[in-house]
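Q: Dumping the structure here so I can ask a few things about it.
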Amino acid sequence: MDGGDVEWAACTSRAYDIEQIGLRVERCLCQVRDALSALHQIQLLQWQSPAGHAYRAAVYERSLELQRAVGGLENARTAISLHALAASVSQVQVPFSLWPGDS
C-alpha cells in the first residue's frame, strides 16, 4: 500500500465512523419521537382531579422539552451527514484551475 492508499483507507474509515454516529443520532431521534407520541396519548386522556390536571400540565412541559430536543437532534443529524460527506470526499484533489473565479 502506498501513501495515497493509506490516506484513502483512513478517510473511508473516518467517513464510516461518522456515519455510525449519525445512525446513533437517528436512533435517538426515533426514541424521542416515540416518547413524544406516548406523551401525546397521555395528554388526550381526560383528567378530573386537580392532581390529574397538574400531571397533565407536567406532561405537556416535558413534551415541549422533547420537541426542542427533536429540533436539536435533527440539526445534529444534518451536521453529521454533511461532515461524513466532507470526510468521504476530502481526498479528492481539485486542480486549482477549477476553483471559482479562475479562468
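Q: Does residue 17 satisfy the criteria of being open to solvent by 70 Å² or more (accessible area, probe 1.4 Å), closer than 30 Å to residue 88 by Cβ and either part of a helix (DSSP H, G or I) or not β-branched (Val, Ile, Thr) (or both)?
A: yes
Q: Another question, then. Quick one: how many residues across segment 15-35 are touching a Lys or Arg at 6+ places or on another chain (Cβ under 7 Å) and not aliphatic (A, V, I, L, M)?
A: So the count comes out to 2.
Q: Quick one: what pairs do we get from segment 57-68, first residue within 15 Å of residue 30 (Cα to Cα) and without any contact (Cβ under 8 Å) to a residue 60 or more places away in the chain, second among the hydroxyl-bearing types (Ser, Thr, Tyr) and open to solvent by less than 80 Å² (accessible area, probe 1.4 Å), C-beta under 7 Å, 6+ apart or different chains?
A: Nothing qualifies.
Q: Same structure, new question: In segment 52-65, what residues are surrounded by fewer than 15 Cβ atoms within 10 Å (Cβ to Cβ), of a type in the set (A, V, I, L, M) and within 29 Å of the chain's Cα centre (by Cα)?
A: The answer is 57, 58, 64.
Q: If you go through segment 21-51 one residue at a time, how many are assigned to a loop (DSSP other than H, G, I, E, B) and either in contact with an Asp or Glu (Cβ under 8 Å, 6 or more places away or on another chain) or surrounded by fewer than 14 Cβ atoms within 10 Å (Cβ to Cβ) (or both)?
A: The qualifying residues number 4.
Conditions tested, residue by residue: (1) at pLDDT 85 or above; (2) under 29 Å from residue 13 (Cα atoms).
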site	(1), (2)
40	yes, no
45	no, no
49	yes, no
76	yes, yes
81	yes, yes
85	no, yes
91	no, yes
98	no, yes
103	no, no
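Q: Do we find a residue being outside any loop (DSSP other than H, G, I, E, B), over 25 Å from residue 18 (Cα atoms) and open to solvent by less than 90 Å² (accessible area, probe 1.4 Å) anywhere in segment 66-75?
A: Looking through segment 66-75, none of the residues is outside any loop (DSSP other than H, G, I, E, B), over 25 Å from residue 18 (Cα atoms) and open to solvent by less than 90 Å² (accessible area, probe 1.4 Å).
The values are calculated or read from the model by the stated rules, or taken from the named source; none is laboratory data. All values derive from a computational prediction rather than experimental measurement. Heads up, the Cβs are rebuilt from the backbone with ideal geometry, glycines too, and the neighbour counts pull from every protein chain shown. Please note that ligands, DNA and RNA were not included when accessible areas were found on the heavy atoms of the full protein model with its side chains. Shrake-Rupley method; radii C 1.70, N 1.55, O 1.52, S 1.80 Å.
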